[in-house]
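See below for the structure under consideration.
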Amino acid sequence: MPGIVNGLAVLRDEESNSLWDHITGECFDGPLAGERLPFWGIDMTTVEAELAAHPDVILLKSPKIPFFKSTLMNIGIGTHFIEKEGTHLPRFFRRSMHSEVDPRLPEGENGLGLMTDDHQGKFYPMSAIPKGEQIEDEWMGEKIIVARGPIDGVPRARWANKEIKGRPMQLLTRWYGFSFTYPNCEIYER
């Protein structure tokens with residue numbers, strides 16, 4: 001990983017040395033600029049929640065913590081990311097930012113970001129998603145349901161219409177990163 005831009009990880013491929021946005025899968029610098037990799041959502045969870053859902057899962061843990069991961073854990077993007085409110089952004093994060101963070105929410109606000117291929121986004125602040133409750137909302141002309149996991153507390157969105165295959169593209173993230181990637185995004189309000 002070559003570094004960060006706007007406080008977000010930048011990926012580089014070894015074949016062309018092109019630089020890629022890790023959220024959108026878009027190449028923004030190098031011979032492949034303008035290309036896009038396929039991307040899909042992943043769920044962040046806890047060991048307890050994963051074992052409850054899949055008792056036979058095999059969990060692996062590395063004995064070493066890389067420098068980058070330990071740095072992220074120290075600023076609240078690691079182990080306690082789900083429940084931690086706010087964050088301290090180190091100077092090297094701030095120096096990577098090309099503009100001010102969107103002031104509509106606190107920069108370190110955790111939340112669930114929904115996004116589309118054509119750069120539309122909607123952010124659900126963690127504080128607006130109470131544990132044990134479901135939020136019914138509309139996204140891209142369809143009804144969605146947003147709820148936090150009963151064990152891990154992670155917010156997830158699903159289509160209310162069970163005939164729609166898959167889930168909305170989503171990411172558990174901090175406001176500053178989501179707002180830089182989706183600058184005109186909607187913000188859910190209760």
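Key figures for this structure:
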item	result
Candidate set from the stretch 141-176 (those that are of a type outside the set (Ser, Thr, Tyr) and in contact with a Gly (Cβ under 6 Å, 6 or more places away or on another chain)); member that is surrounded by the fewest Cβ atoms within 10 Å (Cβ to Cβ)	169
Count of residues meeting criterion [assigned to a loop (DSSP other than H, G, I, E, B) and over 26 Å from residue 49 (Cα atoms)] in the stretch 143-187	5
Qualifying residue in the stretch 92-103 (condition: touching a helix residue (DSSP H, G or I) at 6+ places or on another chain (Cβ under 8 Å) and at pLDDT 95 or above)	no
Selection from the stretch 31-51 of residues that are modelled with pLDDT of 90 or more and surrounded by 15 or more Cβ atoms within 10 Å (Cβ to Cβ)	32, 49, 50
Residue pairs meeting the criteria (Cβ under 7 Å; at least 6 apart or on separate chains; first more than 13 Å from residue 155 (Cα to Cα), in the stretch 119-145; second of a type in the set (S, T, N, Q))	140/116; 142/161; 143/161
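The values are calculated or read from the model by the stated rules, or taken from the named source; none is laboratory data. What you see is a predicted model, and the numbers here were worked out from it, not measured in a lab. Here Cβ is always computed from backbone atoms with ideal geometry, including for glycine, and neighbour counts include all displayed protein chains.
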